[in-house]
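The values are calculated or read from the model by the stated rules, or taken from the named source; none is laboratory data. These figures come from a predicted structure and were not determined experimentally. Note: ideal-geometry Cβ built from the backbone for every residue, glycine included; neighbour counts use all protein chains shown.
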Amino acid sequence: MKVVLYRPEIPQNTGNIARTCAATGCSLLLIPPLGFFLDAKTVRRSSVQYMPTKDIQIWDKGEEAWLEQMGASCWMFSTKGQLRYDQVRYEEDPILLFGRESSGLPKQWLERHPERSVRIPVKNECHSLNLSNAVSIALYEVLRQKEFAI
């Protein structure tokens, strides 16, 4: 299982996500540019050093290459997603893709693959969840479906 963050902006979120990935045996891939330096003290502190920055992968082949590589096992999480996260049957080794904290995933990605777009429902008064909370919800739904085989 892999979590992919598209252009993350807040180091504390990335650190929290790194810790959750470490706790679930999941890998973490970041698509740059990042809104912070990866070795920033805040990333290390918020991950409580459960996942050293050397274990975080950086995608360096460009966005178009990511789109081409993105296959049927990739699920794009967005406030505009077509499917509810708990109604998806996740494959054996899914890729969970999340967008920027401020603007989400590129619109054209969601338009190109609407059948792979997933949302976590929230009340109308709240636009979205914190990114690290959304990642946790998605990861643990996949684990629940796999009967928590960590």
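Side notes on the structure shown:
- Residue 132 being at pLDDT 95 or above, over 14 Å from residue 1 (Cβ atoms) and part of a helix (DSSP H, G or I): yes
- Filter result for residue 100 (in contact with a Leu (Cβ under 8 Å, 6 or more places away or on another chain) and either at pLDDT below 85 or not small (Gly, Ala, Ser) (or both)): no
- Number of residues in the stretch 82-135 that are closer than 19 Å to residue 8 by Cα and not aromatic (Phe, Trp, Tyr) equals 27.
Yes/no matrix, rows are residues, columns are (1) crowded, with 20+ Cβ neighbours inside 10 Å; (2) in a loop (DSSP other than H, G, I, E, B); (3) under 16 Å from the mean Cα position of the chain (by Cα):
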position	(1), (2), (3)
64	no, no, no
68	no, no, no
76	yes, no, yes
81	yes, yes, yes
90	yes, yes, yes
97	yes, no, yes
102	no, yes, yes
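- Taking (1) aromatic (Phe, Trp, Tyr); (2) surrounded by 13 or more Cβ atoms within 10 Å (Cβ to Cβ); (3) under 15 Å from residue 7 (Cβ atoms); (4) at pLDDT below 95 in turn, residue 37 satisfies each apart from (2).
- Qualifying residue in the stretch 42-64 (condition: among the hydrophobic types (A, V, I, L, M, F, W, C), more than 30 Å from residue 113 (Cβ to Cβ) and modelled with pLDDT under 65): yes
- Residues satisfying the stated conditions in the stretch 104-129, i.e. surrounded by 16 or more Cβ atoms within 10 Å (Cβ to Cβ) and either assigned to a strand (DSSP E or B) or acidic (Asp, Glu) (or both): 104, 117, 118, 119
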